[in-house]
Amino acid sequence: MSAAPLDTVQYCLIVDDEPRLRQVLVHLMRNDGFTCLEAGNGEEALVHLEQHTITLVMSDLRMPRMDGLELLRQIRGRWPDIAVVMITAVADVEVAVSCLAIGAMDYLTKPFHLEEVRARVAQALEKRRLVVENRGYQESLQEKVAAQARRLEELFLASVQSLAEALEVKDPYTRGHSIRVSHYSVAIARELGLDGELLRQIELGGHVHDIGKIGVREDVLNKPGKLTDAEYEHIMTHPMVGWRILAPLLGETPVALNVVRSHHERFDGRGVPDRLAAGAIPLEARIAAVADSFDAMTSDRPYRPDGLSVDAAVGEIVRCSGSQFDPEIVGALVSAVGEGRIVVIPRSPSYFRAAALV
């Protein structure tokens, strides 16, 4: 990792109430060329910020006197060019999302590997560089600004994808599920003749469609037996939970948000959360519903150790055409599978890795 030479001296401020963690990060960042400062809470950090021109702040969320969220708000308001990386735990994912919305450029989850720290810091510094350069080029180099803005968006969405990966840590049975649903959705969408920005947003929606399961209790998420009515209602809150989490972040990608909110709507109007019927369900959500169910049936689950065969899964989806699923979308899935554009590849007797050949 190399720090972008925007400033002559690269100051890194480490803010955490755990001295041992500060020492680890200080040692790492010094080796990467930073001059490091330390603070035990947000109030101490503000003193350093007022005295030095700081490039990077790495701050814990939970600290006495002034926590990381308030420190982040102060930095964004007074020193907007500082790259801020927040440090949290998987259990605080929703708070981490709030940090991204306020203006953090990335976040780390405890425990973390040193190489992960390097990668996240490099990504945050690149975002900082692009933000600073965008300000200077805005009037005279509009084309370059647009290209860099797209790169900023890509880096931002990479942070959102990290949330989906955090979910897979919580639920081992969903490992790879979001990627497969994204691939299947793209294959089905292409079968329907969709392309361009719409296809890109459908792909993104597939990646984050289940992020709301972060709010589902693990004993329900991993229950090996049949769910009770109350447990089923609890797990089916995840579309709205995910929508609330991601709405502040994905406001400019409404198609992806539609996938998150509406992928459990049913064609007959008996789905959740809005009980939409037929054409009222966004096309992208109808696509994701078929892709999601296809992957669920062909993958291992706590209540079913071995996934169904492709033929059996397709047969079940065809059986539910017109009730649970849009017949047009079902037809596109059947066509994509039949023409080899969607393939489920068994990696081991108890685990499937999926690929969409699109």
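Remarks
- Cα gyration tensor category, rounded, prolate or oblate, for segment 159-296 with a/c compared to 1.5: prolate
- With eigenvalues of the C-alpha gyration tensor scaled by 5 and rooted, segment 11-162, Å: 25, 17, 15
- Between K144 and L114, the modelled labels are 3.7 nm apart [label points 7 Å from Cα along Cα→Cβ].
- Extending 7 Å from Cα along the Cβ direction at A277 and again at L155 yields two label points whose distance is 4.9 nm.
- Least to most buried among Y232, Y107 (fewest other Cβ within 10 Å first): Y232, Y107
- Centre-to-centre, using Cα atoms only, segment 92-136 and segment 25-83 are separated by 13 Å.
- One decimal place: the segment H234-Q51 gains 60.9 nm when fully extended, by the rule 0.36 nm per residue minus the C-alpha distance.
- For segment 171-356, the antiparallel share of DSSP beta bridges with both residues in that region comes to about 90%.
- In this simple spin-label model, placing a label point 7 Å from the Cα along the Cα-to-Cβ direction at both V318 and N222 gives a separation of 3.8 nm.
- Nearby aspartates and glutamates by direct alpha-carbon distance to K144 (threshold 12 angstrom, same-chain neighbours under 8 apart not counted): E133
Values in this text are rule-based calculations from the coordinates and carry no lab data. Worth saying up front: this structure is predicted, and the values here are computed from it rather than measured. Note: ideal-geometry Cβ built from the backbone for every residue, glycine included; neighbour counts use all protein chains shown.
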